[in-house]
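Here's the structure we're looking at; comments come further down.
All of the numbers you see were taken from the coordinates with simple rules; none came from a lab. Here the structure is a predicted model, which means the values were calculated and not measured. A quick note on method: Cβ atoms are made from the backbone with ideal geometry, for glycine too, and the neighbour counts reach across all protein chains shown.
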Amino acid sequence: MKPETTIRDIMTANLVTVSPDRSAKDIQGLFRENEFHHIPVVDKGQRLVGIISKEDIFKLAYVLSLQTTGKTYSEKEYNALKAEDIMTRYPVTLDPDDTVGLAADIFLANKFHALPIVEDDQLLGIVTTHDLLGYGFGEAMAAKTEEAYEE
């Protein structure tokens with residue numbers, strides 16, 4: 001893996017985002033219908049205001065089950081929550097010209113698995129630990145294929 005490669009080269013740019021007033025139930029549905037694990041929360045100007053992980057949704061459901069006395073009440077409480085109530089505010093972000101090595105360092109030093117990519121206050125994409133693994137593994141596989149071809 002080339003740690004000096006820019007994030008722009010490996011980030012996911014085609015994102016599903018939600019507004020701060022999107023319901024927790026809708027967000028749960030988005031996670032159920034898609035394979036991603038993080039959803040950026042953006043305001044009307046597409047400015048990043050937070051991020052929600054699939055794990056955040058699981059934790060929320062678990063905490064509500066402990067704090068409430070019945071399924072109906074838990075569902076009511078859950079359905080009243082919005083993205084702004086459960087999102088991580090002010091997430092750590094990267095610039096698209098930051099490097100893969102910097103992203104790897106941040107992932108290793110923290111418990112994050114996704115970093116939004118922001119430029120000029122606009123959300124451009126996201127990079128995940130999965131993206132880094134795919135990038136590193138893809139290069140390793142390409143090198144092995146080239147090596148086998150040379151033999």
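Summary table
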item: Fewest-first ranking of Arg47, Arg32, using other Cβ atoms within 10 Å as the exposure measure; result: Arg32, Arg47
item: Chain lengthening between Asp95 and Val16 when straightened (0.36 nm per residue, less Cα-Cα); result: 26.5 nm
item: Alpha-carbon spread of region 7-150, three principal axes, descending order, Å; result: 66, 35, 28
item: Between region 1-49 and region 119-134, the alpha-carbon center distance in angstrom; result: 9 Å
item: Of the DSSP H helices in the chain, those whose Cα atoms cover at least 27 Å axially and whose Kyte score averages -0.5 or more; result: 129-150
item: Choice from Asp21, Asp56, Asp120 showing the highest fluctuation, given a GNM over the chain with Cα pairs closer than 10 Å; result: Asp120
item: Computed [θ] at 222 nm, deg cm²/dmol, the chain (DSSP H ≥ 4; -39,500 (n - 2.57); rounded to nearest 500); result: -14500 deg cm²/dmol
item: GNM result for the chain, Cα springs below 10 Å: residue of Lys111, Lys59, Lys82 fluctuating most strongly; result: Lys111
item: Fraction of beta bridges assigned by DSSP in the chain that are antiparallel (%, nearest 5); result: 90 percent
item: Length-normalised contact order of the chain in % [C-alpha pairs under 8 Å, at least 6 apart]; result: 32 percent
item: Under 27 Å, Cα to Cα: Lys pairs in the chain, sequence gap 8 or more or different chains; result: 21
item: Sequence-separation-based contact order of region 79-144, relative, with Cα cut under 8 Å and 6+ spacing, percent; result: 25 percent
